[in-house]
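The values are calculated or read from the model by the stated rules, or taken from the named source; none is laboratory data. Model, not experiment: these values are computed from the prediction. Ideal geometry is used to build each Cβ from the backbone, glycine not excepted, and the neighbour counts take in all protein chains shown.
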Amino acid sequence: MLKINNLHVSVDDGQKPILTGLSLEVPKGEVHAIMGPNGAGKSTLSYALTGRDGYEITDGTVTLDGKDLLDMEPEERAAAGVFLSFQYPLEIPGVPTMTFLKTALNAQRKARGEEEMKAPEFLKTARALAAELKMKPEMLKRPLNVGFSGGEKKRMEIFQMMMMEPSFIVMDETDSGLDVDALRIVADGVNKLRSPDRGMLIITHYQRLLDYIVPDRVHVLANGGIAASGDAEFAKKLEREGYDAYAA
Ligand code: ADP
Ligand code: MG
Ligand code: MG
């Protein structure tokens, strides 16, 4: 389970406090959604969890299955199984997607002390998954994300996420302007990734996404922390009534 306690995060060389005492628990097997007004610090939370430069933790703790995440380098967090969507948004000219992914997966397996996945098994797994996600097989041979359409990038992101065997997923869809097709791709992927030993935190502006991914809990991030929480129905109430009730 992911346990965030009293998290304080500042940006701008530590000058600007964004999160000021955020606490949240996401048990294994659950999908939690984070919603909230623009600029509340939703993306800041996802960056703090993955250890991005420039997001300074000034207080609080974050543990995944009892292990201190904040003490780890970003690569160590990835090896511990924390997957941030858009972790690999890069276009990587010249490197076929499959080569890139196999390298990333085996680096992670090595860090976890697991055996590396050999080429034949990797190919077999990747092809089966690509078929399941209705991806064109040639996408796997092309350089990562180069010239991909919006929908293809989304499929690729879900594909990477499933190939990387994450134990905890953070998805920040806030600024991606998903159309209905992309929403469906993301939602189907997330629903496939639901599993009793995996937790997920879905950050979204779009209540619509939560029509397809029915979350176990919904939280409002406002005023530097979790201002309110509820069940899936709560997201619909937020859509109707907005965030004014939680504003400073
Ligand atoms: P949200 O995702 O909820 O829209 P963000 O986490 O992106 O909010 O931003 C929260 C606040 O922090 C905003 O005022 C934003 O301008 C500021 N902020 C975020 N990242 C940085 C940064 N790297 N440098 C300076 N200010 C930042
Ligand atoms: Mg924003
Ligand atoms: Mg954001």
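Has segment 187-201 got any residue that is farther than 24 Å from ILE4 by Cα and at pLDDT below 85? No, segment 187-201 contains no residue that is farther than 24 Å from ILE4 by Cα and at pLDDT below 85.
When GLY54, GLY29 are checked against the criterion of being in contact with a helix residue (DSSP H, G or I) (Cβ under 9 Å, 6 or more places away or on another chain), more than 14 Å from ligand 2 (Cβ to nearest atom) and part of a loop (DSSP other than H, G, I, E, B), a single residue qualifies: GLY54. Of the residues making up segment 1-26, those that are surrounded by fewer than 18 Cβ atoms within 10 Å (Cβ to Cβ), at pLDDT 95 or above and more than 16 Å from ligand 2 (Cβ to nearest atom) number 8.
Applying the criterion of being of a type outside the set (D, E, K, R) and under 15 Å from LEU2 (Cβ atoms) to the residues of segment 202-220, the residue that is nearest to ligand 1 (Cβ to nearest atom) is ILE203.
Taken together, the residues in segment 205-248 that are under 22 Å from PRO27 (Cβ atoms) and of a type in the set (Lys, Arg) amount to 1.
Annotation: of all residues in segment 33-51 being over 16 Å from ALA222 (Cβ atoms) and not hydroxyl-bearing (Ser, Thr, Tyr), the one that is farthest from ligand 2 (Cβ to nearest atom) is GLY51. Filtering segment 32-51 to residues that are more than 9 Å from ligand 1 (Cβ to nearest atom) and either part of a loop (DSSP other than H, G, I, E, B) or of a type in the set (Gly, Ala, Ser) (or both) leaves ALA33, ALA48, GLY51. The set of residues in segment 162-181 being modelled with pLDDT under 80 and either surrounded by 20 or more Cβ atoms within 10 Å (Cβ to Cβ) or within 16 Å of ligand 2 (Cβ to nearest atom) (or both) consists of GLU173, THR174, ASP175, SER176, GLY177, LEU178. Note on segment 160-201: residues that are more than 20 Å from GLY150 (Cβ to Cβ), within 16 Å of ligand 1 (Cβ to nearest atom) and of a type in the set (Ser, Thr, Tyr) total 0.
Is segment 63-76 home to any residue that is over 30 Å from PHE234 (Cα atoms), touching a Leu at 6+ places or on another chain (Cβ under 8 Å), away from ligand 3 (no atom under 16 Å from the Cβ) and assigned to a helix (DSSP H, G or I)? Among the residues of segment 63-76, not one is over 30 Å from PHE234 (Cα atoms), touching a Leu at 6+ places or on another chain (Cβ under 8 Å), away from ligand 3 (no atom under 16 Å from the Cβ) and assigned to a helix (DSSP H, G or I), which makes the answer no. Does GLU173 meet the test of being within 16 Å of ligand 3 (Cβ to nearest atom) and within 26 Å of PRO93 (Cα to Cα)? Yes: the conditions hold for GLU173.
Do we have any residue at all in segment 88-103 that's within 16 Å of ligand 3 (Cβ to nearest atom), out of contact with any Phe, Trp or Tyr (no Cβ under 9 Å at 6 or more places or on another chain) and under 23 Å from ARG194 (Cα atoms)?
yes
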